[in-house]
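I have placed the structure first, in the form of C-alpha cells, so that the comments after it can refer back to it.
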Amino acid sequence: MEQSRSFKASIATHTDAGIKKSINEDAIGFRVPEASLLTTKGAVAVVADGVSSAEAGKEAAHRSVEAILDNYFKTPELWSVKHAVQKTLTTLNSELYNLGREMPNEARGYICTLSILVIKSHLAYLFHVGDSRIYRLSAEDGSFKQLTRDHVAAISDDKQYLIRAMGMDTTLNIDASTVELRQGDIFYLDSDGVHDFLDDEQILEVITQGQDDLDQACTTMVKKALAAGSDDNISCAILRIDHLGVEEKGDFSERLTKLPFPPELRPGLKIDGYEVLEELWASERSQLYFVRDMESGEELIMKTPSATYSDDPAYIERFIAEEWIGSRINHPNVVRIVPPKEGAKNFLYYLMERVPGITLQKWIEQNPEPRPSIVADIILKIADGLFAMHAQQVVHQDLKPGNVMILPDGGIKIVDFGAVYAPGLQEIFNPFEQEIALGTLDYADPSYRFGINTYFKGDIYSLAVIAYEMFTGGQLPYGRRMERCKTLEDFQSLDYVPSYRHREIIPVWFDKALEKGCKNDPELRYGTLEEFIQDLQHPNPDFLKDGQVNKKEGNTVFFWKILSFLWFTVLLVVLILVYQNGD
C-alpha cells in the first residue's frame, strides 16, 4: 500500500461570479489525501454549476462538491471507484431532490451540474451529469479532447436546456468512463461560463501557455471568458500528472521483499514474541501454526508464506493483500485478523484469531441426515458472513466446507482469505500478471477455470452447492461428473440432479432455489445473494408453475413449517439486536 508515495500532481482552481451575476452559483474543489488513501481511493477534482433557474442552485452545487470530497473518502477502501462514487452520488441526489420537494411550489429546487475526476493508480475515472465539462490534453500525442458530453437539448439555435442534472429527478442517470493515464497528461474541468464563450482552441492555448504556472493559467482563463462576453459564473480547474506513482517491476519487487520469509518453524521456536506450539496445516503455498503471544498468553493462528515463492513478487503481493483485505471485514461469522505487535514484525506472516471447533466438511461427515432446521441455521449464518464480505465488495472465491468452521456453541466462522477478490485493489496497478483463483472444483464457479470472474455470483454458486450437500447428507448437485469436464460448455451441459431424489422430504420449490443458485451458466444464476436467500426462505411461485409435486407431500409441508419457524425466529432475533443497538 506504499505505491502512491511517488505520485505527484499539480492542480489549480479559480472561480468567479462574473460581471453580470450577483452571486456565484458555481462550486469547485479538489482533494489529494495522504499516502494510504491516495493508493486506495485516489485524488479527486470536482466542479458543479448551480442551475440559475433553480431557487437553490448555489446550495446544490456547494453541497455536491462538499459531499464528494468528504463522503467518497469515507466509503470502504475495498470498494471500486465506480461503486464508491455511484453510492455517494445516489445518496446525494436523493438528498437534493427531497430538499427541493420541501420548497414552495413556485421554487425549482436544488439542481446543479456535476463533473468529477478521480485519479487512481494508472487510470482516470470520470463521472458526469449536466453541461459542465472535463477535457484532457494528452501527453502521448498532444491531442486536446472533451471527455464528457453535454446533457442538453436545443430549443433554438441560441437556446438550450438541461435534460439531466443532480437533484432533478428521483433517479440519477450519470455518465461514467475511464481513461488510461500518461505522465504529463493535463485534465481541465470547467463550467459553461467558460466553454460557452471560448472554443476548444482558445482553451487549449491558455493551458499550453500556462503549463508552468497553473494558477496563472486559471486566472487567465477566467479573464479571457469575461473578455469574450461571458455573462455567467466562471469556474475552471487544471490538473497535471507530474508523476504517476506506478512502479516498475524492480521497484515493486524491492518494496515487497522488505520483510524476509520466516525460517522453517517447529514447536518451541519463537518469532517476534510468539511461541510456536503446533503446526496445524501445510501445503505447497502456505503453512498454518498454532502460536501463543508470550506477553499476553493469547493463543492465535499464524499463517506464513511458502519459501517456494520467496522470489515471486505476484505471490508476495497476494499474501500481503490477504491480511489487508481480511482486516477490513468485521463480522462475528468471519475469522478476525489480529494486528501484529507495534514495531515487532520482522518477518512476513499474519495472525488470525484461533477458531475452536470442526470444519463444516467434518460436520457433514458426522451428520449424514441432519435436521433441516439445523442445516438452515448454518446456511443462514454462512450467508450473513458473506453479506458482510459483499458489503465491502469482497468475494471469497473459495467457499467450501473445509473453509467454514463450526464452533462448539453452534456459531460459524468463514476462514481463509487466500483466494479473495476485491475490485478496489484490482484497480491498483501491478506490473506482474496476477494468477486467477480457481477455487476447489466441486464448490467453485466453473467460470473461474476459464478466466471469467463472476464476482458475487461465484460465492452464490458455492453456497448453493454447500446447502445442497448439507440437505442431501453429502451428495453434490452434479455428482462427480465435473471431474471429466474440459471446457466451459462441458460444465454447462451437465444435468442437475434434483435434491429430493436423495432426500424426499425436500420440497420442489426449495430444490428449484438450490438449482438456480448452482447453475453452471452464471447468466441463469441468481444475481444477488439476497435473492437466493429470499427463495430459500419463501416458496417462489415461479418454481411451482410446472405443477411438480413431491411424492411425500406431508413431509414436504412439515419441512416448510420447520424452516418457516426458523426463518421467523432468526428474523426476530435480528430485529431485537437492531432495536437494542438503536437505543
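Just so you know, all these numbers are worked out from the coordinates, no wet-lab data involved. The structure displayed is predicted, hence computed values, not measured ones. FYI the Cβ positions are ideal-geometry reconstructions off the backbone, even for glycines, and counts take in every protein chain you see.
Which semi-axis lengths, in whole Å and largest first, follow from the square roots of five times the eigenvalues of the Cα gyration tensor of the chain?
Details: eigenvalues 506, 210, 90 Å².
Its equivalent ellipsoid spans semi-axes of 50, 32, 21 Å.
Dipole of the chain, Cα-centred, from +1 at each Lys and Arg C-beta and -1 at each Asp and Glu C-beta, to the nearest 20 debye? Please list the in-between numbers first.
Working: 59 positive and 88 negative charges, 336 e Å.
Once rounded to the nearest 20, the dipole reads 1620 debye.
For the chain, what does -39500 (n - 2.57) per DSSP helix run (n ≥ 4), summed and divided by total residues, give at 222 nm, in deg cm²/dmol to the nearest 500?
Values: 16 runs with 193 residues, N = 583.
So the calculated ellipticity at 222 nm is -10500 deg cm²/dmol.
Tell me the label-point distance for the pair residue 278, residue 146, using the 7 Å Cα-to-Cβ offset, in nm and rounded to one decimal.
In this crude label model, residue 278 to residue 146 measures out at 7.0 nm.
Between residue 496 and residue 98, what length comes free when the chain is fully extended (0.36 nm per residue of separation minus the Cα-Cα distance, one decimal in nm)?
Values: separation 398, 0.36 × 398 = 143.28 nm, distance 4.87 nm.
Between residue 496 and residue 98, full extension yields 138.4 nm more.
Note down the magnitude of the dipole of the range 3-246 about its Cα centre, charges +1 on Lys and Arg C-beta and -1 on Asp and Glu C-beta and zero elsewhere, to the nearest 20 debye. All intermediate terms of the calculation are to be shown ahead of the outcome.
Numbers: 24 positive and 36 negative charges, 172 e Å.
Computed charge dipole of the range 3-246: roughly 820 debye.
Do the alpha carbons of any pairs in 8/223; 87/381; 381/413 sit beyond 18 Å of each other, and which pairs? Let's see the in-between values first.
Working: 8/223 28 Å; 87/381 27 Å; 381/413 9 Å.
Among 8/223; 87/381; 381/413, the Cα-Cα distance tops 18 Å for 8/223; 87/381.
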